[in-house]
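The values are calculated or read from the model by the stated rules, or taken from the named source; none is laboratory data. Predicted model only: the values in this text are computed from it and were never measured. Note: ideal-geometry Cβ built from the backbone for every residue, glycine included; neighbour counts use all protein chains shown. Note: accessible area is taken over every heavy atom of the protein model, side chains too, but ligands, DNA and RNA are not part of it. Shrake-Rupley method; radii C 1.70, N 1.55, O 1.52, S 1.80 Å.
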Amino acid sequence: MDQNAEFEARIARGETIEPKDWMPEDYKKQLIRMMSQHAHSEIVGMLPEGEWITRAPSLRRKKILLAKVQDEAGHGLYIYSGVETLGADRDSVTHDLLTGKAKYSSIFNYPTLTWADIGVIGWFVDGAAIVNQTMLAKCSYGPYARAMVRICKEENFHKKQGYELVAGLANGTKEQKEMAQDAVNRWWWPSLMMFGPSDKDSPNSPQLMKWKVKKESNDTLRQRFVNLTIPQANAINLTIPDPDLKFNQETGNWDFGEIDWTEFYEVLKGNGPCNKERLEARNKAFKNGEWVREAARVYAEKHNVQ
Ligand code: FAQ
């Protein structure tokens with residue numbers, strides 16, 4: 001049996017592929033693309049929430065938000081290490097983010113206008129990430145699957161603190177409830193877009209699913225997120241901004257309206273509300289960190305460490 005056939009057979013048997021195992025170049029390439037974009041998303045994802053650390057309304061909330069944003073940094077570093085197990089060079093992966101060549105999740109190109117946005121990000125964005133990453137925790141590439149198990153545990157806390165924050169506002173004063181509803185209105189549709197284009201327009205899915213990197217499709221995961229989230233919104237009397245939302249007795253799913261794909265592709269092209277600002281912030285941070293990298297390099301050279 002040739003190497004490729006043996007690899008396909010291992011995938012078919014549900015085996016996990018490890019860094020030293022033989023794998024087709026395209027499998028490696030797809031994983032580097034997807035994992036590096038995932039890592040970039042975690043890092044860029046620190047920006048919208050990070051803006052609110054100094055403005056958190058209580059010490060408790062400030063501590064929670066600090067811990068959450070720090071967790072996202074850890075997730076990014078963890079996944080970048082996973083990318084390196086595939087032989088990718090960290091500097092070139094970072095370069096692709098900084099020059100706008102590599103994508104990161106569309107969701108982080110939207111602004112955080114009020115404190116309620118911080119809660120809704122935890123609830124919707126981390127909620128969506130959990131649905132997607134629980135699937136990826138069973139993917140065929142070992143280091144990525146194991147990273148997802150650990151990351152999902154932390155994302156669960158993120159989601160809980162977000163929902164608790166929003167529930168508090170929803171049960172608060174009239175102004176607080178309005179602020180929560182406004183945040184829900186703005187974040188709902190972009191959160192659905194996080195799952196990627198619909199299955200018929202997703203060029204990478206067929207191969208990724210064949211290789212069991214993705215074990216479920218974009219639309220399947222999006223539907224699962226909708227099904228999970230609607231009862232949560234109902235429980236705290238917030239309205240999901242979709243007039244077509246309807247429970248389908250036959251399928252057991254919540255049917256929902258058409259996503260504005262033009263908006264999604266505009267954000268991907270760099271024309272979202274905050275794309276420019278996000279890339280500028282990452283470039284500034286990279287430049288400001290130059291002396292740290294230089295110090296680490298000199299130290300490693302002097303002490304002969306990797
Ligand atoms: N945004 O063929 P598909 C988080 C691109 S982590 C931007 O369907 P694929 C935690 C896609 O890359 C959030 N681009 O692609 C957190 C491809 O372009 P390319 C990130 C998108 O890979 C919470 C093209 O469109 N999670 O939130 C998006 O099969 C709070 C065609 O699409 C992950 O990255 C999008 N939403 O499926 C952090 C999970 N959707 O590369 C901080 C891992 C699609 O060919 C605060 N990734 N594109 O030029 C995945 O599961 C998959 O890559 C998908 C896309 C599902 C994102």
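Here is how the numbers come out for the structure above:
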| read-out | value |
| --- | --- |
| In the range 189-212, residue surrounded by the fewest Cβ atoms within 10 Å (Cβ to Cβ) [restricted to those that are in a helix (DSSP H, G or I) and touching a Phe, Trp or Tyr at 6+ places or on another chain (Cβ under 7 Å)] | 193 |
| Residue check for residue 215: open to solvent by 50 Å² or more (accessible area, probe 1.4 Å), more than 9 Å from the ligand (Cβ to nearest atom), in a helix (DSSP H, G or I) and farther than 17 Å from residue 253 by Cα | no |
| Residue tally, condition open to solvent by 70 Å² or more (accessible area, probe 1.4 Å) and either acidic (Asp, Glu) or in contact with an Asp or Glu (Cβ under 8 Å, 6 or more places away or on another chain) (or both), over the range 225-247 | 3 |
| Test: residue in the range 282-292 that is more than 25 Å from residue 105 (Cα to Cα), out of contact with any Gly (no Cβ under 9 Å at 6 or more places or on another chain) and not aromatic (Phe, Trp, Tyr) | yes |
| Answer from 136, 165 - the residue that is crowded, with 18+ Cβ neighbours inside 10 Å and within 13 Å of the ligand (Cβ to nearest atom) | 136 |
